[in-house]
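Below you'll find the structure, written out as structure tokens, and then a few comments.
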Amino acid sequence: MKVAIIGAGLAGLSCAFELERNGILPVIFEKRDYIGENYMFSSTTMRLFDRSYRDPIKYFKKTYNLNLMPFSPLKEIEMNGPTKKGVINGRLGYVFMRGDEKNSLENQIAMHIKAPIHFDTYINVDDIKKDFDYIVAATGDETIANQLEVWHTTTSVYTRVALIVGNFKVGSAKMWVNREYSKACYGFLAPHNKKEGRLLLAVNDIAEYEFDHYWNNFTRVEEVKYKITETRDIITKLGYVSSAKVDNIYLTGSVAGLIDDFLGFGAINAIESGILAARAIAKGKDYNELIKPIKKHVSKIHELRKMVSEFDNEDYDRMIKILTMPIIKRIIYNNPLAKVEKITPTARKYNNMRHRKQRRIIKR
């Protein structure tokens, strides 16, 4: 059986890991000359947004025999609104290192695989479609899904990631929301260690030339004074696919629209979808059925995105006030059964009510 994997990121490496466990040695093509990004950064996961009711580290070990090691637990988030602020504490999630460092999430998975990786190799799906029995698309963007005419964009997000120097508390993060500089997205800071960290600002549905305006507003309003050593600008298309399998091509991770469009979490889904694509290939299972729980989870989170997209700054302040109330802290943040998706029915009702109200206004 000949299997090609396009992309040596989380989804592609995880797919190779599972294929090899089933006796199949794939070939991996990577357009860059390295695994992951060529600089170190941190990626957070939050238990409230995790599909599994278990610890994700234990979940991957028990379900897929994949050992993952976080950089640190996420114990604290400082939430900043236009005028309100508060702090939440508890077993909130994990911070993982990403990029080119030895213990990055990508390199942790790569340590387990033997498959050859052809770096500096750009692959067009049509060029290899007949040469392999199966092709796994794990490129991290929607390009291949677009080519296959199964992609549907719901929103575009422009993100600037800045590597910063300062004094930080490991395991603690900061988050900012304000329509003035982030529209329906947010700013976020996560430390790599006590002296270095990652600061990002994400803004939805703007033109590229507008972003400097929002970034300057962010640094001015929040008085951001960290020393910035490097910045990267990223444009991400968020959306969904009508099918995650087309002929002999399997779409994984971001290519399959498996990023939640509320906070942009996608690492865990990328890893799991890569593994499930491998299982579908090795065992002849229906891939769309295997990833249905992930797609359902992402769809539920999308209801929250639609609701928050209509928030104004007063709504943001009310949200932060509620989320940081002592009674809410006790009920939610250390409760393993508490999940954000459980408020989806409320968000859906809110969205439907708003939609009906808008239709009545249009009819008038």
**OP:** Take the Cα radius of gyration of the stretch 200-261 and divide it by 2.2 N^0.38 Å, with N its residue count; two decimals is plenty.
**Re:** 1.59
Original post:
What part of the accessible area of the chain, given as a whole %, is carbon or sulfur when the probe is 1.4 angstrom?
Top reply: 51
Original post:
How much space per residue, in cubic angstrom, does the convex hull of the C-alpha atoms of the stretch 82-177 take up?
Top reply: 225
Subject >> Size of electric dipole in the stretch 194-322: Cβ of Lys, Arg +1 and of Asp, Glu -1, about Cα centre, debye, nearest 20 >> reply: 780
Original post:
For the chain, what class follows from the C-alpha gyration tensor (a ≥ b ≥ c being the square roots of its eigenvalues): rounded when a/c is under 1.5, otherwise prolate if a/b is larger than b/c, else oblate?
Top reply: prolate
Original post:
Running Debye on the stretch 127-184 with equal point scatterers at the Cα sites and no solvent, what base-10 log of I(q)/I(0) appears at q = 0.14, 0.30, 0.31 Å⁻¹?
Top reply: -0.74, -1.31, -1.34
Original post:
Which three lengths, in whole Å and largest first, does the stretch 163-221 cover when its Cα atoms are put on their principal axes?
Top reply: 34, 18, 18
**OP:** Provide the convex hull volume over Cα atoms per residue for the stretch 5-147, in Å³.
**Re:** 146
Original post:
Using a 1.4 Å probe, what is the accessible area per residue for the stretch 193-251, in Å²?
Top reply: 57
Subject >> Alpha carbon convex hull of the stretch 59-218, projected area averaged over orientations, nm² >> reply: 13.3
Original post:
With every protein chain in place, what's the accessible area of Trp215 (1.4 Å probe, Å², nearest 10)?
Top reply: 20
Original post:
Where the centroid of each part is defined by its Cα atoms, how far is the stretch 124-190 from the stretch 292-328 in Å?
Top reply: 20
Original post:
For the stretch 9-20, in order, what is each residue's ³J(HN,Hα) by Karplus, 6.51 cos²θ - 1.76 cosθ + 1.60 with θ = phi - 60°, in whole Hz (x at glycine and Pro)?
Top reply: x, 4, 5, x, 5, 5, 5, 4, 4, 6, 4, 5
Original post:
Per residue and in Å³, how big is the convex hull formed by the alpha-carbon atoms of the stretch 225-267?
Top reply: 112
**OP:** Run the 1.4 Å probe and let me know the accessible area of His302, rounded to the nearest 10 Å².
**Re:** 50
**OP:** Along Cα→Cβ, 7 Å out, is where each label goes; now give me the distance between the ones at Glu310 and Glu222 in nm to one decimal.
**Re:** 2.7
Subject >> Sparsely packed GluC sites (Glu not before Pro) within the stretch 258-330, loop by DSSP, other Cβ within 10 Å at most 15 >> reply: Glu310
Original post:
In terms of modelled amide H atoms, which long-range or inter-chain residues lie less than 5 Å from the amide H of His118?
Top reply: Ile28, Phe29, Glu30
**OP:** Sort out for me the Cα centre separation of the stretch 22-37 from the stretch 268-285, rounded to whole Å.
**Re:** 15
**OP:** Straight distance only, please: which aspartates and glutamates reach the Cα of Lys295 with their own Cα at less than 15 Å, same-chain residues fewer than 8 apart left out?
**Re:** Asp50, Asp260, Asp261, Glu272, Asp286, Glu303, Glu341
Subject >> Spatial extent of the stretch 153-263: Rg and Dmax, with the Cα atoms as the point set, Å >> reply: 16.1, 52
**OP:** Tell me, rounded to the nearest percent, the portion of alpha carbon pairs in the stretch 257-303 spaced more than 14 Å apart.
**Re:** 48
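The values are calculated or read from the model by the stated rules, or taken from the named source; none is laboratory data. Keep in mind that this is a model prediction, so the values were computed, not measured. All Cβ positions, glycine included, derive from the backbone under ideal geometry; neighbour counts span all protein chains shown. The protein model used for the area step is the full one, side chains on, heavy atoms only, and it has no ligands, DNA or RNA in it. Shrake-Rupley method; radii C 1.70, N 1.55, O 1.52, S 1.80 Å.
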